[in-house]
1. Choose one of Cys371, Pro26, Ile90: the residue whose Cα lies farthest towards the positive end of the charge dipole of the chain (beta-carbon charges +1 Lys, Arg; -1 Asp, Glu; about the Cα centre).
2. Going through the cross-link list Lys46/Lys232; Lys46/Lys185; Lys235/Lys357; Lys324/Lys357, which pairs have a Cα-Cα distance over 24 Å in this structure?
3. If R₀ is 45 angstrom, what is the calculated FRET efficiency for the pair Arg157 and Asn21, using the beta carbon separation as r and rounding to 0.05?
4. Sum -39500 (n - 2.57) across every DSSP H segment of at least 4 residues in the chain, then divide by the residue count to get the 222 nm mean residue ellipticity, nearest 500.
5. Which whole-number percentage describes the relative contact order of the chain, with Cα contacts under 8 Å and a sequence gap of 6 or more?
6. Between Ala228 and Lys46, what's the calculated FRET efficiency when r is the beta-carbon distance and R0 is 25 Å? Round to 0.05.
7. Given +1 on the Cβ of Lys and Arg, -1 on the Cβ of Asp and Glu, and no further charges, what dipole in debye does the chain carry about its Cα centre, rounded to the nearest 20?
8. Please sort 176-189, 342-355 by packing, taking for each peptide the average over its residues of neighbouring beta carbons within 10 angstrom, highest first.
Amino acid sequence: MGSIKDRYAIVGVGESERSKNSGTTPLHLALDAARAALDDAGLQAKDIDGFMSYSENDSCTSHQLATYLGVRPKYVKDIMGGGSSTEMLIADAVGLIETGQLNTVLIYRSMNGRSGVRMGGGGWDVNMLQSAIEGGSFIIPYGAGSPAQWFGLFATRHMHETGLTQEHLGHVCLSFYEHAQRNPKAYFYGKPLTMEEYQKTPYLSYPFKKHDFCLESDEANAIIVTSADRAKDCKSKPVYIMGLSARQCVSHAHYWNDLSEVAADYVAPEVYKMADVKPEDINVASIYDCYSWVVLRQLEAYGFAPRGEVGNFVAEGNLRMGGKLPSNTAGGMLSEGYTHGMNNVLEIVRQVRHEYKGSDRQVENCEIGICTGWAGPDMAGAMILRN
């Protein structure tokens, strides 16, 4: 197969309306996002021969979406997956196009994440969790039934070892809330956050306060991937895929040799090697932000700040517009919306295309961007894009 660098591209992105109560089904949200992505690419539904999606038992199937779009695809794929699935499925799409099985693939995430199945809340089957999560029988019966509780344990240890403080977590939140003030579609548009307000809120699951949590939203996102040759005929400016990487480790921490390691530590060197770039070449980032601490740990993993110095890196304003690494520039999952990270990928595509040129949303000299995915300390994905 050789290198895939610059041989494949994202040619269309789209989203449904974002709300807390959509009043409709994930299928209808997916249709809205898919049609928006098709329009962005200048394609028709019949041009798509592969459909892929991921969910947590809370969405429609790819076959349903294709049927309602009026096409009979060559290939459909639906996986149970979380925060690193966007990058993983894009890698799958590239592989299928590379081997000649498909021409153009639409990947989507659709969910009623607020009015329907809520992470860690109503709709989750505790018995299912106990059997599905490796080692679940050792944690679920004791009340640790949500990602906030699991990730909070890793965060607490990391903070103890590196000197990270609550205020450092707060700087992540403030940076992304500031970006949301530039995005009229963000949940927290018009609702800026101060450090005083952040510090006053109670802990929900230590060390996470209210603003450290990602949002719950009803929405869908879609992405269209094709070859660089076909991308030339699409309506929107192609965004080329320079590198992709993903890794899944044994999920139960008791099996790990070093609890300070995370899957992103292994993904980072691979994605940089494939893209043939270094951290200092990255102009803009979408760092998976299900919780504020997750951003800090990934900044270390991807080489943007040394271990023990990431707190100062964010406190100095480096994640904000004008900083060394403008990140989650639409507000991210902490303050824009939440589709298991796909909304962050849409934002990188738009930044690298320079869609915001002439406004305060556009990152200056934006040529190369990185998207990261995180489904837990044990699972990660990453993708590097260029214009």
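1. Value: Pro26.
2. Values: Lys46/Lys232 18 Å; Lys46/Lys185 30 Å; Lys235/Lys357 18 Å; Lys324/Lys357 19 Å.
Those over the limit are Lys46/Lys185.
3. Values: r = 37 Å, r/R0 = 0.83.
According to the calculation, E is roughly 0.75.
4. Working: 13 runs with 130 residues, N = 387.
Calculated at 222 nm, the ellipticity per residue is -10000 deg cm²/dmol.
5. Values: 863 pairs, mean separation 98.1, N = 387.
Relative contact order of the chain: 25 percent.
6. Values: r = 21 Å, r/R0 = 0.86.
It comes out at approximately 0.70.
7. Numbers: 35 positive and 45 negative charges, 136 e Å.
Using Cβ point charges on Lys, Arg, Asp and Glu, the chain gives about 660 debye.
8. Working: 176-189: 19.9, 342-355: 24.1.
Packing order, densest peptide first, comes out as 342-355, 176-189.
Every read-out reported here was derived from the displayed coordinates using simple, explicitly stated rules and does not represent laboratory data. Quick caveat, the model's predicted, so the values are computed rather than measured. Reconstructed Cβ throughout: ideal geometry from the backbone, glycine too, with neighbour counts over all protein chains shown.
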